[in-house]
Amino acid sequence: MASIHNDIPLNASARDVWDAVRDFGALHRRLVPGFVTACQLDGDARVVTFANGSVAREVLVDCNDERQRLVYAIDNERLKHYSASVQVIADGEATCRLLWTIDMLPNELADYVREQTRNAVVAMHKAFPPAA
């Protein structure tokens, strides 16, 4: 099973970043604008449209405010397994780290997903730019 780990420093408080992460239906506006172009809630899931045109249905597995951790899964014909967790950890008053871990099968899709996460990280840095 492929595991993709991202430890992303962000120039925003953990509270502000967590507020964006936990806003499950606003991914395209608050956390990764530009990388995700649309996000629509569908029961306990969100239907996400990415800038490259691909669409995924991400099911909310857990949202824990105390741990500032959100878990979601994707179940489609291309992926045998896809589970991801996003956790926000304070790194001082005005900065934090976002830990994003993805476990997935088949391994052959890992390079594609890894490249997509790189694009998502660029969008996150635009959503939470350094203080001027």
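The values are calculated or read from the model by the stated rules, or taken from the named source; none is laboratory data. As the structure is a prediction and not an experimental result, all values here were calculated from the model. Ideal geometry is used to build each Cβ from the backbone, glycine not excepted, and the neighbour counts take in all protein chains shown. All accessible areas refer to the heavy atoms of the entire protein, side chains included, with ligands and DNA or RNA removed. Shrake-Rupley method; radii C 1.70, N 1.55, O 1.52, S 1.80 Å.
Here the range 13-59 and the range 71-132 have alpha carbon centers that stand 11 Å from each other.
For the chain, the relative contact order is 33 percent, taking Cα pairs closer than 8 Å that sit 6 or more residues apart in sequence and dividing their mean separation by the residue count.
Report the full-extension gain for the segment Asp7 to Cys63: residue separation times 0.36 nm, less the Cα-Cα distance, to one decimal in nm. Don't jump to the answer; show the numbers that get you there.
Numbers: separation 56, 0.36 × 56 = 20.16 nm, distance 1.91 nm.
So the extension gain works out to 18.2 nm.
Solvent-accessible surface of the chain, averaged per residue with a 1.4 angstrom probe and all protein chains in place: 54 square angstrom.
Take each of the peptides 116-124, 50-58, average the number of other beta-carbon atoms within 10 Å over its residues, and list them starting from the highest. All intermediate terms of the calculation are to be shown ahead of the outcome.
Working: 116-124: 17.2, 50-58: 13.8.
Listed from highest to lowest mean packing, they are 116-124, 50-58.
A Förster distance of 35 Å, applied to the separation of the beta-carbon atoms of Asp23 and Lys80, puts the FRET efficiency at 0.75.
Computed 3J(HN,Hα) for the range 25-41, one whole-Hz value per residue from the Karplus formula 6.51 cos²θ - 1.76 cosθ + 1.60 where θ = phi - 60°, is x, 10, 3, 6, 9, 10, 9, 9, x, x, 6, 9, 9, 7, 8, 10, 6, glycine and proline marked x.
Considering the dipole of the chain built from charges on the beta carbon (Lys and Arg +1, Asp and Glu -1) around the Cα centre, which of Gly43, Tyr112, Ala127 is farthest to its positive end? Positive-most Cα among the choices belongs to Ala127.
Think of each Lys and Arg Cβ as +1 and each Asp and Glu Cβ as -1; about the Cα centre, that makes the dipole of the range 71-132 roughly 120 debye.
Rounded to the nearest 10 degrees, the inclination of helix 110-127 to the longest alpha-carbon principal axis of the chain is 30 degrees. Using a ≥ b ≥ c from the Cα gyration tensor of the range 1-52 (square roots of the eigenvalues), is it rounded, prolate or oblate, where a/c under 1.5 gives rounded and otherwise the larger of a/b and b/c decides, a/b for prolate? Judged from the Cα gyration tensor, the range 1-52 comes out oblate (a/c at least 1.5, b/c at or above a/b). In vacuum, with every alpha carbon of the chain counted as one equal point scatterer, what does the Debye formula give for log10 I(q)/I(0) at q = 0.22 Å⁻¹? Two decimals, please. With no solvent term, the Cα-only Debye profile gives -1.53. Computed over protein heavy atoms with a 1.4 Å probe, the carbon and sulfur contribution to the accessible area of the range 58-132 reaches 50%. The overall shape of the range 58-132 is oblate: from the C-alpha gyration tensor, with semi-axes ordered a ≥ b ≥ c, the ratio a/c is 1.5 or greater and a/b is no larger than b/c. Using a cutoff of 8 angstrom between alpha carbon atoms and counting only pairs six or more residues apart, the relative contact order for the range 13-84 works out to 17 percent. Only helices enter this figure: runs of n ≥ 4 DSSP H residues, each worth -39500 (n - 2.57), summed and divided by the residues of the chain, yield -6500 deg cm²/dmol at 222 nm to the nearest 500.
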